[in-house]
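Encoded as structure tokens, the structure appears first; notes follow it.
The values are calculated or read from the model by the stated rules, or taken from the named source; none is laboratory data. Please read all numbers here as calculations on a predicted model, not as lab measurements. Here the Cβ positions follow ideal geometry from the backbone for every residue, glycine too, while neighbour counts run over all protein chains shown. Heads up: the accessible areas ignore ligands, DNA and RNA and are worked out on the full protein's heavy atoms, side chains in. Shrake-Rupley method; radii C 1.70, N 1.55, O 1.52, S 1.80 Å.
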Amino acid sequence: MMMHIFIDYPWYCLPLCILAGAVYSAAMYLSRRKEPVVAEDKVAKGWIWLLAVARFLIVTILAFLLLGPVLRHTVNRHEKPVVAVIRDVSRSVPTTQRTLPEGLTELEKEYEVVYDSFGGGSTDIASALDAVRQQYAGRNLGAVVLMSDGIYNQGANPATEAMQLGVPIYTIALGDTTRRPDAWIADVRCNRVVYTGSQFPMEVTVRATRLNGAKATLTISSGGRQLATQPLTYDGNSYSQTVPLMLDAKESGLHSYSVTVSAVKGETSTANNSRTVAVEVLEGRRKVAIVAAAPHPDIAALKQAIETNPNYEVEVYSTLQAAMNAEKSVWDTYSTLVLHNLPAPGNTTAQWLQTLPSTLPKVYVVGMATDLGRFNALHCGIEVTAKSRHADEVTAILDETFTLFAFDRETSTRIAALPPLQAPFGNYRMAPGMQCLFRAKLSGKPTDRPMMAFGVQNGTRCACVLGEGLWRWRLHSYLMTGSHDDFDQTIEKIVVYAGAEAGKERLHVMSERYYREDEAIVIRAEFYDDNWQLTNRPEVECQITPKGGGESTRYEFQPSGQGYTLPLGTLAPGQYSYQAKTTFAGKQYKATGGFIVEALDLEQLNLVADHALLNTMAQTTGGDMVPYDQTDKLASLLGEREDLKTVIYSHTEYTPMISLPWVLILLILLLTIEWAGRRLARFTS
């Protein structure tokens, strides 16, 4: 380990330190004014030189420390290759193969072995590999050991994700590849949202193995009524057919459809013979208007994101087109208005904004072209005082206190990694009753400055996105995940919240329309007082009732932030309705709604292990596949690799010498020697 000492003073200061020590020592001990009491004692005379040397060293060291010397040294850290063992614990894996085999313990002698698991009610191998890639980025990751049966029913193709790891994957093959007689509903495709009076298609994929010649019936039912049937004949030992059906949407509301294929003699399992899907039937589509001060790529990104929800249709206007419709009732037909870089400089825009219905919910996208003075005059919950015309580059960080609607933590983490938005440089002030979904990070440092804020002002919901450049978010979201889902769902939640007609109801209850049976259900609520400010002072109770005559359960909402939350945990598959109520200032307020819990046991859809996929992942990444009972081979397979080596990381450290413990110890030792010597020599002046 190389060490160097640096000082911020000229080199000739070092001899001066030595000179100071020598002069001080000579003046104290080598002058004739000091003699031992027993002058003839030669031993006592010898102490004079010892004490002089001690004093010389003490003064020299102290003078040198006054120069502020810094010790620079290089530190080496040795890191063994990391071997990540990820284990599939989904229900498709046999119970006897869910434990770690003894052969893996041999790896701990040569490598840093870390363990993790994935799976349960569903299996997403690609996400498990991606988690390893992100967690050990920048580390000496040498190899990945994947224990799985190769069956995946969610996420991307694992073989594609395996290539992006950049390290060999060694697979331990679990499960059974034997094909048994079985039939199952492999997939059900239909629109989640349809409209009354229309027909909507539903495609059902039925698969069967080793049931050649057997006959079955595919049935679609809802609410105890049989809606459609289709006879099936399993032709061959590997059967697959997609059956198209047309269903009528007669009544509005949430509807649960049961898709069942009848069991035949000899089937191994009948648990996978049925699936349940939920469809929401609406009276009509909601309209959203986007009005922009000038052409901007954000407009297309917003439009595409909102239109992913079939419940919404979007129309785009320029400010000129909007001003031409200022006197018309066209704006009464919209449920939400998105204003991009508005108000803009000029009287035309300001006059048009004054003609809009006061109860029309609005989403403001504030950018560099926004007239901040006119924006502040709208009293939309955010006030921006500009300091200059410069832009701030801001990225997002989730505000943990946000309670107005649910937002997935994993999604927020990915959004935090998206490119920065451009926001006006200035001071931001948030009005009471507003909540932040995201706060701004400047130069990578979190701040209290709002970036996305929501609330109710003057009895109308509003949302503010403080920054432009959303189109970059949509593009980079696709680059990161292979889909626009993160961006689209964020924009959808903004628009859905803003258009929830807060001006008509004081008590609002918010839930998702669909939940999986293995998903923890959380319902949120908010209540507005007479001044349309959020409050959670009154108690709110909620009654959950399963459809079909089940017993109702009463719950109490818990205050959370400025609103309420109600964690229900997991519920049995089925359709549920809820009624929330509270009393405030002598008046009772109610809110009703419903949701569906879908039965989706993905692990029962396919029970035949896919060892071919495991072998492909291993071979394409330079690894190998071994059976579960031969894991002792892994140690030798990894030992044959020349690229699994210990890595030495070097870094330079700078330490002020005055903070080193051994310097203090040396000074104390020298002072102790001098004190003891003076006592023994019995000096007199």
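Summary of values
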| item | result |
| --- | --- |
| Single match in 616, 545, 565 (criterion: among the β-branched types (Val, Ile, Thr), under 30 Å from the mean Cα position of the chain (by Cα) and at pLDDT 90 or above) | 565 |
| When residues of the stretch 69-92 are limited to those that are under 28 Å from the mean Cα position of the chain (by Cα) and open to solvent by 10 Å² or more (accessible area, probe 1.4 Å), the one nearest to residue 638 (Cα to Cα) | 87 |
| The stretch 417-443, residues that are more than 18 Å from residue 400 (Cα to Cα), surrounded by fewer than 18 Cβ atoms within 10 Å (Cβ to Cβ) and small (Gly, Ala, Ser) | 426, 431, 443 |
| Some residue of the stretch 372-391 being under 30 Å from residue 515 (Cβ atoms), open to solvent by less than 20 Å² (accessible area, probe 1.4 Å) and either in contact with a helix residue (DSSP H, G or I) (Cβ under 9 Å, 6 or more places away or on another chain) or part of a helix (DSSP H, G or I) (or both) | no |
| Criterion (in a strand (DSSP E or B), modelled with pLDDT of 85 or more and open to solvent by less than 50 Å² (accessible area, probe 1.4 Å)) met by exactly one of 204, 194 | 204 |
| Unique match (being touching an Asp or Glu at 6+ places or on another chain (Cβ under 9 Å), in a loop (DSSP other than H, G, I, E, B), in contact (Cβ under 8 Å) with a residue 24 or more places away in the chain and not basic (Lys, Arg)) among 609, 635, 618, 591 | 609 |
| Residue 281 vs. criteria in contact (Cβ under 8 Å) with a residue 24 or more places away in the chain, surrounded by fewer than 20 Cβ atoms within 10 Å (Cβ to Cβ) and not in a loop (DSSP other than H, G, I, E, B) | yes |
| Members of the stretch 176-190 found to be of a type in the set (Lys, Arg) and either part of a loop (DSSP other than H, G, I, E, B) or open to solvent by less than 20 Å² (accessible area, probe 1.4 Å) (or both), listed by number | 179, 180 |
| Members of the stretch 161-175 that are closer than 18 Å to residue 88 by Cα and open to solvent by 60 Å² or more (accessible area, probe 1.4 Å) | none |
| Unmet criterion (only one of (1) in a strand (DSSP E or B); (2) among the polar types (S, T, N, Q); (3) at pLDDT below 90) for residue 536 | (1) |
| Output for the stretch 638-685, where each listed residue is surrounded by fewer than 13 Cβ atoms within 10 Å (Cβ to Cβ), within 35 Å of the chain's Cα centre (by Cα) and not in a strand (DSSP E or B) | 643, 645 |
| Members of the stretch 338-367 found to be part of a loop (DSSP other than H, G, I, E, B), of a type outside the set (S, T, N, Q) and surrounded by 17 or more Cβ atoms within 10 Å (Cβ to Cβ), listed by number | 342, 343, 344, 356, 360, 361, 367 |
| Hits in the stretch 574-591 - residues which are at positive phi and under 33 Å from the mean Cα position of the chain (by Cα) | 574 |
| Residue within the stretch 541-553 that is surrounded by 17 or more Cβ atoms within 10 Å (Cβ to Cβ) and on the phi > 0 side of the Ramachandran plot present | no |
| Selection from the stretch 93-116 of residues that are open to solvent by 60 Å² or more (accessible area, probe 1.4 Å) and out of contact with any Leu (no Cβ under 9 Å at 6 or more places or on another chain) | 95, 96, 99, 100, 102, 105, 108, 109, 112, 116 |
| Counted residues, the stretch 405-432 - those being in contact with a Leu (Cβ under 8 Å, 6 or more places away or on another chain), assigned to a loop (DSSP other than H, G, I, E, B) and of a type in the set (A, V, I, L, M) | 0 |
| From the options 516, 524, 537, residue that is closer than 30 Å to residue 160 by Cα and of a type in the set (Lys, Arg) | 516 |
| The stretch 392-404 - residue that is in contact with a helix residue (DSSP H, G or I) (Cβ under 7 Å, 6 or more places away or on another chain) and among the β-branched types (Val, Ile, Thr) and, of those, most open to solvent (accessible area, probe 1.4 Å) | 397 |
| Criterion: surrounded by 22 or more Cβ atoms within 10 Å (Cβ to Cβ) and in contact (Cβ under 8 Å) with a residue 40 or more places away in the chain - qualifying residue of 407, 454 | 454 |
| Complete set of residues in the stretch 288-337 that are in a helix (DSSP H, G or I), closer than 24 Å to residue 378 by Cα, of a type outside the set (A, V, I, L, M) and open to solvent by 20 Å² or more (accessible area, probe 1.4 Å) | 319, 321, 329, 332, 333 |
